[in-house]
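Chemist: Please find one structure pasted underneath; my questions will follow.
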Amino acid sequence: MPRAKAVINADGGQRRASYQRARSVETKRSLVQAAMALWRTNGYGKTTVADICRAAGVSRALFYFYFPAKEDILFEVGLLSTRAARQKVQSLLRTDYDVESVIGEALRSLERSMARNPPDLIVETILEGYRHEHRIMAGQAPDDPEADMFGELFERARRDGKIGAHVDVGRLSRLAGMHVSEGVRHWAGGSFGGRSFAEVVTADICALIAGFSCRSGR
């Protein structure tokens, strides 16, 4: 009988933990959605933490439980777009893929996400991404593997012989990420004219891959 009680208690504890995790995810999502709606309407600079809390229906204490500052929501927004593009990469890797096509599809996914937001918010998101990267380098924040959009693609492509066998895929992926960030910033500023973000940055990253493969063949 005591053993049966222990099993029941353990099962109840697991259900409570699952419920709490679901509530936690939902609360965090509500804060992000409230912040995005306010930023699109009022602008990033004019929106306060108090505004976000009122819109999401949560206390300031709960806000700070999930996000140390308003800027951390901004980083989360950028990460959500990157995750969506990364999921596109993963889905295409389950097919007979072409590296350039996968990059292009991932960047088109990112471009569709960006098009829903005002340019100044996009630029703020990129700048916060740079600040977060500096915090990672200083040991003040953990690295997030989900922020690596193309690492899995390049690793798989090297194994499959689609890029040079001696390419440093970690470095290639970091540089590709820099091209994406700078491309987003210039696209938001109108520097690409009539050309799409995906078109320009795909060409840049493919040139980068060609350079890496050429050097590794020496």
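Chemist: Test residue 185 against the stated conditions and say whether it is within 25 Å of residue 119 (Cα to Cα), of a type in the set (Lys, Arg) and either modelled with pLDDT under 90 or part of a helix (DSSP H, G or I) (or both).
Modeler: yes
Chemist: Looking at 44, 97, can you tell me which residue is farther than 25 Å from residue 124 by Cα, of a type in the set (Phe, Trp, Tyr) and either modelled with pLDDT of 85 or more or assigned by TED's automatic domain parsing to the domain that holds residue 120 (or both)?
Modeler: One residue alone meets the criteria, 97.
Chemist: What is the one condition in (1) assigned to a helix (DSSP H, G or I); (2) more than 13 Å from the chain's Cα centre (by Cα); (3) surrounded by 17 or more Cβ atoms within 10 Å (Cβ to Cβ) that residue 117 does not satisfy?
Modeler: Unmet condition: (1).
Chemist: Also: Exactly one of these conditions fails for residue 101: (1) under 18 Å from the mean Cα position of the chain (by Cα); (2) polar (S, T, N, Q); (3) assigned to a helix (DSSP H, G or I). Give me its number.
Modeler: Only one criterion is unmet by residue 101, namely (1).
Chemist: Only residues in the range 38-56 that are assigned to a loop (DSSP other than H, G, I, E, B) count as the first member; pair them with residues that are of a type in the set (A, V, I, L, M, F, W, C), Cβ under 8 angstrom, at least 6 apart or cross-chain, and list the lot.
Modeler: 43/121; 44/74; 44/121; 47/35; 47/38; 47/39
Chemist: Criterion first (farther than 24 Å from residue 128 by Cβ and in contact (Cβ under 8 Å) with a residue 60 or more places away in the chain) does residue 208 satisfy it?
Modeler: Here the answer is no, as residue 208 does not meet what is asked.
Chemist: Okay, next question. Checking the condition within 20 Å of residue 72 (Cβ to Cβ) and surrounded by 13 or more Cβ atoms within 10 Å (Cβ to Cβ), which residue from 107, 153, 127, 208 passes?
Modeler: Being within 20 Å of residue 72 (Cβ to Cβ) and surrounded by 13 or more Cβ atoms within 10 Å (Cβ to Cβ) holds for just one of 107, 153, 127, 208, which is 127.
Chemist: Going residue by residue through the range 149-159, is there one that turns out to be outside any helix (DSSP H, G or I), in contact (Cβ under 8 Å) with a residue 12 or more places away in the chain and either touching a Lys or Arg at 6+ places or on another chain (Cβ under 7 Å) or not assigned by TED's automatic domain parsing to the domain that holds residue 74 (or both)?
Modeler: yes
The values are calculated or read from the model by the stated rules, or taken from the named source; none is laboratory data. Because the structure is a prediction, the values reported are computed rather than measured. A quick note on method: Cβ atoms are made from the backbone with ideal geometry, for glycine too, and the neighbour counts reach across all protein chains shown.
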